[in-house]
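The values are calculated or read from the model by the stated rules, or taken from the named source; none is laboratory data. On a predicted model such as this, the values are computed, not experimentally measured, just so you know. A quick note on method: Cβ atoms are made from the backbone with ideal geometry, for glycine too, and the neighbour counts reach across all protein chains shown.
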Amino acid sequence: MSHHRIFFLQPLDDGLRLHHAPLLDLLKLWYARREADGLPSRRSLDMQALKPFLPHVFIAECETVPADRPAREYLRWRYRLIGTAIVEACGRDATGKYIDELYRGAELGGVMAALSETRQGGMPRSLHGNARFAGRAGMELETLLLPIGMPAGQNAQVIGAAFFRYAEPARPVRRLSRIFNFAA
């Protein structure tokens, strides 16, 4: 069912090993915009501040889903925004979709854990892995996850930025003259 397949995610990296310069720039912005509680507010990281990063940005929002008994409440993550570079790499736009609609099994557990641990820990994290999307070559994935301070009564959010690099070498192009046995 899932078009988005992540085969391997390395554990969250508190050491923030980042290889893409824009991720380092976004991390610097996050630190520069921190407030008294140690987190930047969503207002301080508005679309204007994020403009240089927007094609690679996603915003995930955590909702508490009520159940028939309070002990059965659970958290559900939804993508509020998916940048155009992510849409292009994945081959689809998941804006507005719940994470449990997009992933299953270990993939779902890995993504949920990454977002929840970032939100609860209150510190940036990086995530590295390999992904394969429907009809596309495998890609290496590097993601920065940033917790955001939200006003009381609003759902928690994590802002992320993702960069993809093709992991598989391009297949050599064969000349048609060799395949069909005619002169070029």
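What single numbered condition from (1) over 24 Å from Ala21 (Cα atoms); (2) modelled with pLDDT under 90 fails to hold for Ala89?
So Ala89 meets the others, but not (1).
Could you check the range 93-117 and list, in sequence order, the residues that are at pLDDT 90 or above and at positive phi?
Matches in the range 93-117: Gly96 only.
Of (1) within 25 Å of Pro52 (Cβ to Cβ); (2) out of contact with any Lys or Arg (no Cβ under 7 Å at 6 or more places or on another chain); (3) of a type in the set (Ser, Thr, Tyr), Tyr103 satisfies all except one. Which?
In the conditions (1) within 25 Å of Pro52 (Cβ to Cβ); (2) out of contact with any Lys or Arg (no Cβ under 7 Å at 6 or more places or on another chain); (3) of a type in the set (Ser, Thr, Tyr), Tyr103 misses (1) alone.
A quick yes/no check of all residues on (1) at pLDDT below 90; (2) not in a helix (DSSP H, G or I):
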{"site": "Cys62", "(1), (2)": "no, yes"}
{"site": "Asp68", "(1), (2)": "yes, yes"}
{"site": "Trp77", "(1), (2)": "no, yes"}
{"site": "Leu81", "(1), (2)": "no, yes"}
{"site": "Arg119", "(1), (2)": "no, no"}
{"site": "Glu140", "(1), (2)": "yes, yes"}
{"site": "Leu144", "(1), (2)": "no, yes"}
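Filter the range 151-163 down to the residues that are surrounded by fewer than 17 Cβ atoms within 10 Å (Cβ to Cβ) and closer than 14 Å to Gln120 by Cα and list them by number.
Asn155
Answer with yes or no whether Ile159 is within 13 Å of the chain's Cα centre (by Cα), in a strand (DSSP E or B), within 22 Å of Tyr31 (Cα to Cα) and touching a residue at least 12 places away in the same chain (Cβ under 8 Å).
Criteria met by Ile159.
Tell me, yes or no, whether the range 69-81 has at least one residue that is of a type in the set (Asp, Glu) and either over 16 Å from the mean Cα position of the chain (by Cα) or within 21 Å of Asn155 (Cα to Cα) (or both).
Within the range 69-81, one or more residues are of a type in the set (Asp, Glu) and either over 16 Å from the mean Cα position of the chain (by Cα) or within 21 Å of Asn155 (Cα to Cα) (or both).
Considering each residue of the range 83-96, count those that are more than 20 Å from Ile148 (Cβ to Cβ) and either without any contact (Cβ under 8 Å) to a residue 60 or more places away in the chain or not in a loop (DSSP other than H, G, I, E, B) (or both), and give that number.
Matching residues across the range 83-96 total 7.
Just give me the residues in the range 121-138 being within 24 Å of Leu29 (Cβ to Cβ) and assigned to a loop (DSSP other than H, G, I, E, B), in sequence order.
Scanning the range 121-138 gives Gly122, Met123, Pro124.
Filter the range 29-60 for residues that are within 12 Å of Gly149 (Cα to Cα) and either touching a Lys or Arg at 6+ places or on another chain (Cβ under 7 Å) or without any contact (Cβ under 8 Å) to a residue 24 or more places away in the chain (or both) and give the result.
Arg33, Arg34, Ala36, Pro40, Arg43, Ser44, Leu45, listed by residue number.
Tell me, please, whether a residue that is within 13 Å of the chain's Cα centre (by Cα), basic (Lys, Arg), surrounded by 15 or more Cβ atoms within 10 Å (Cβ to Cβ) and closer than 24 Å to Pro40 by Cβ can be found in the range 108-122.
There is no residue in the range 108-122 that is within 13 Å of the chain's Cα centre (by Cα), basic (Lys, Arg), surrounded by 15 or more Cβ atoms within 10 Å (Cβ to Cβ) and closer than 24 Å to Pro40 by Cβ.
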